[in-house]
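The values are calculated or read from the model by the stated rules, or taken from the named source; none is laboratory data. Small disclaimer: the values here were computed from a predicted structure and weren't measured. Here Cβ is always computed from backbone atoms with ideal geometry, including for glycine, and neighbour counts include all displayed protein chains.
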Ligand code: IPE
Ligand code: IPE
Ligand code: MG
């Protein structure tokens, strides 16, 4: 049995607070442009937003926060911008990982790390080791991540370990090979910056995630903006394929809606 259940195989338990929030942090460039600043000024400012959102998620009892920092297609950007993003990533790793550890946060990075400088990979692995036993919040940074890459690498990895599965395999066989096999599927997906697309983020895992799009640019996204997203989530009826009437007899779903109703009373 896999530790993490699949929403298409079983109906997951849901609660008033999303257990896993996954965010596409978009709009840094436009934030800077609005201020007549170079795009990279937006990326620098974005780090402060990350700090605030990590803290707010911890305070709200969210167990997993996953942030899309660099997609497998972001290599298509100008060389200078990529270089600044990598520098910022190194500085963040140097400065922030110890603080995350002090706050009981487990730090993970998912994505194809083979394209990163060895120095960055070493920082990442050391950070992951340092924080491995922390239980307060798991912060995952998706760097050079792509949903299609993940499905491809998981399939390759599964078949390398179990060549006998080539003819026939189940979801469960594949799932443990995904980069985020340690986390439940996201309950809430947030994209800042106004675009309404997935941009090759967690394709498999978003199957039954509640989607929330906001025009707020990532550098302006704060605890209050996060609360608006959570409030929107709390109004959703997570049916997982069932009818509304069926939910009335399902204890976990009813539990969620009862608490929402109590809050608004
Ligand atoms: C998101 O902000 C950060 C990364 C993709 C690295 P953008 O840089 O995409 O900002 P916009 O979308 O151009 O405003
Ligand atoms: C998605 O943002 C990737 C990250 C936030 C890391 P993009 O700005 O790259 O997405 P598109 O190109 O607008 O779809
Ligand atoms: Mg963008």
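Numbers at a glance
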item: Residue within the stretch 227-246 that is surrounded by 10 or more Cβ atoms within 10 Å (Cβ to Cβ), modelled with pLDDT under 80 and out of contact with any helix residue (DSSP H, G or I) (no Cβ under 7 Å at 6 or more places or on another chain) present; result: no
item: Number of the exception - residue 106 against (1) touching a residue at least 40 places away in the same chain (Cβ under 8 Å); (2) closer than 25 Å to residue 233 by Cβ; result: (1)
item: Residues of the stretch 181-195 that turn out to be assigned to a loop (DSSP other than H, G, I, E, B), surrounded by 23 or more Cβ atoms within 10 Å (Cβ to Cβ) and near ligand 2 (Cβ under 10 Å from one of its atoms), as a count; result: 1
item: Condition broken by residue 76, with the remaining ones in (1) without any contact (Cβ under 8 Å) to a residue 24 or more places away in the chain; (2) surrounded by 13 or more Cβ atoms within 10 Å (Cβ to Cβ); (3) within 16 Å of ligand 1 (Cβ to nearest atom) satisfied; result: (2)
item: Options 213, 116, 201; residue that is more than 25 Å from residue 91 (Cβ to Cβ), in contact (Cβ under 8 Å) with a residue 12 or more places away in the chain and surrounded by 13 or more Cβ atoms within 10 Å (Cβ to Cβ); result: 213
item: Check on residue 81, in a helix (DSSP H, G or I), more than 16 Å from ligand 2 (Cβ to nearest atom), touching a helix residue (DSSP H, G or I) at 6+ places or on another chain (Cβ under 8 Å) and farther than 21 Å from residue 189 by Cβ; result: no
